[in-house]
1. Please give the FRET efficiency for Ala487 paired with Leu173, using the beta carbon to beta carbon distance and R0 = 51 Å, rounded to the nearest 0.05.
2. Defining a contact as two alpha carbons under 8 Å apart and six or more residues distant in sequence, what relative contact order in percent does region 92-182 show?
3. When 1/r is averaged over all different Cα pairs and the result inverted, which Kirkwood radius in Å belongs to the chain?
4. Full-extension gain between Arg274 and Ile183, please, as 0.36 nm times their residue separation minus the C-alpha to C-alpha distance.
5. Output the antiparallel fraction of DSSP beta bridges having both residues in the chain, as a percent to the nearest 5.
6. Going 7 Å from the Cα of Lys263 in the Cα-to-Cβ direction, what parts of region 35-78 have a backbone nitrogen less than 20 Å from that spot?
7. Loop only per DSSP, at most 16 neighbouring Cβ atoms within 10 Å: give me the chymotrypsin sites (Phe, Trp or Tyr not before Pro) in region 396-470, ordered by residue number.
8. Taking the Cα centre of the chain as origin and charging only Cβ (+1 Lys, Arg; -1 Asp, Glu), how large is the dipole, in debye to the nearest 20?
Amino acid sequence: MAVAWPALGLSGAQQASARAAAPRNEAGGFVLSPDRKLLMAEQLIERFYVDTVNANKMVEEAIVAMLKMLDPHSTYSDPDETKELTTPLEGIFSGIGVQFNMLSDTLFVIQTTAGGPSEKVGILPGDRIVQAGDSVIAGRKLPNSRIIKILRGPKGSEVTLKVLRKGSAEPILFNVTRDDIPIYSVDAAYMATPTTGYIRISRFAEATDKEFAQAVEKLKKEGMTDLIVDLEDNTGGYLQAATNLASHFLDKGDLVVYTESPKIPGAEFRVDKRGDLRDGKVVVMVNQYSASASEILAGALQDNDRGLIVGRRTFGKGLVQRPFPFPDGSMIRLTTAKYHTPTGRCIQKPYTSGDDENYRKDILHRYEAGEFSSTDSIRMPDSLRFETLKNHRPVYGGGGIMPDVFVPIDTTAFTTYYRDLVAKGIINKYAITYVDRNRKTLNRDYPTEAKFVKDFAVGDSMLQEIVAMGDRDSVKYNQEMFDRSKAMMATIVKGIIGRDLFEQSTYFKIVNPALSPTYRAALDLVADENRYRDLLKGVSK
């Protein structure tokens with residue numbers, strides 16, 4: 001039985017008027033606008049479908065399906081997902097101010113935020129939070145997302161924490177008033193050599209430029225003249241954060257990036273004043289997971305001949321998403337334009353509309369093609385050849401930023417045995433347990449970070465404890481794989497222990513020199529004045 005239009009909300013007069021005015025298609029039916037047809041479909045289902053339907057969920061799924069037909073980066077997020085997406089980039093949330101880890105269903109405090117709510121009331125690293133308000137945490141196998149929701153809350157709200165502490169027979173109760181807690185995007189900033197600074201940026205957020213400027217000021221006081229910027233695994237963030245960072249290195253008027261779109265006016269982003277890092281060598285570390293804002297920064301420095309890029313070809317995410325929030329807190333992030341580097345290269349790699357699966361597997365396809373192990377496997381046709389703006393050296397488009405110095409991926413120490421230990425959380429659990437058992441001794445024997453980095457060693461007995469923990473958690477021991485991964489495992493464990501005792505930078509001070517070939521290549525390039533100059537001028541590759 002056909003359903004007449006009145007059943008969908010049109011009166012008889014409205015129906016007659018609509019029939020008279022509506023054009024017809026080749027099949028003789030009425031031509032409907034897409035929005036009207038979608039509304040009619042939703043109304044039909046809601047009024048006549050045999051079972052009860054969740055109209056909100058149905059509409060959300062329709063939105064998702066529509067966006068999937070466009071490109072891989074146009075997305076819909078519900079209110080909760082939207083909050084999770086925006087909080088790290090906004091750079092702040094309200095909570096109790098602790099960095100924690102879950103070990104055997106117990107929340108261990110790794111660090112407290114300096115000057116934060118927990119530090120103010122006397123919570124210490126190594127404390128175990130077993131209950132927050134009415135919510136029991138210990139023994140419940142709660143996911144981190146649930147624990148975060150328990151600990152966070154409106155600024156000024158109070159929560160009573162029940163804490164177990166070594167040496168205390170009874171639990172200690174702390175009344176904590178939640179406050180604004182910063183989310184940092186500069187993971188590490190330290191002097192790699194007496195004159196070379198190292199800054200690692202994990203995301204491009206609202207406060208990234210401020211954090212970067214503070215790190216630069218600190219390192220300059222320690223003697224920095226050259227700088228390594230680590231963007232490995234940095235998947236991007238806010239455009240303005242990337243342009244602000246690029247401005248530190250460039251001259252007034254230099255182009256950082258521009259956008260093009262057939263439907264909205266394009267935009268250029270130029271430096272409005274001379275940067276404070278115009279002198280000295282600059283090397284940027286990237287890999288296949290460096291994307292979006294990372295590629296904008298790397299492309300701007302490369303195209304303006306201000307720095308050299310070291311590592312592997314970046315991800316190739318050059319589509320501009322504009323957020324369109326709905327009143328209920330949900331949001332569509334819709335692609336509205338494409339990013340181009342100053343020379344005109346489009347950052348976005350090729351994609352087929354609607355084929356998200358193949359797009360997601362692009363990194364795997366690159367790996368299988370040998371792109372991570374040999375630069376010869378990367379095809380760079382002359383049609384994608386561009387020239388930098390000052391020195392006119394060749395750079396290539398086609399998606400992503402091609403490094404000036406290729407560094408192959410190093411998988412020699414990686415084994416499935418090590419992978420399984422990491423996947424089960426054994427490495428992290430052991431390091432946390434070790435610090436918890438030995439914190440007093442470690443603080444006494446290694447009063448400074450420098451002494452810890454220089455003198456602490458992960459011995460065979462410690463590694464055998466890890467093996468035993470793995471056995472208890474069904475990670476079958478393999479001697480050959482253990483021997484291959486042994487040095488890497490020891491370095492990672494030392495890094496985690498150092499991070500828990502001191503700060504995030506400690507981890508990178510330990511791990512980078514031993515395990516990152518890209519870091520070592522960057523240091524070598526900074527140290528070799530002639531090679532750096534020749535590469536920047538395009539004399540050699």
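1. 0.70
2. Reported as a whole number, the value is 35 percent.
3. The answer is 26.9 Å.
4. 29.9 nm
5. That works out to approximately 75 percent antiparallel.
6. Flagged as within label range: 35-39, 60-77.
7. Passing sites in region 396-470 are Phe414, Phe456.
8. 320 debye
Values quoted throughout were computed directly from the atomic coordinates according to the rules given, and no laboratory measurement underlies them. Because the structure is predicted, anything quoted here is derived from the model rather than measured. Heads up, the Cβs are rebuilt from the backbone with ideal geometry, glycines too, and the neighbour counts pull from every protein chain shown.
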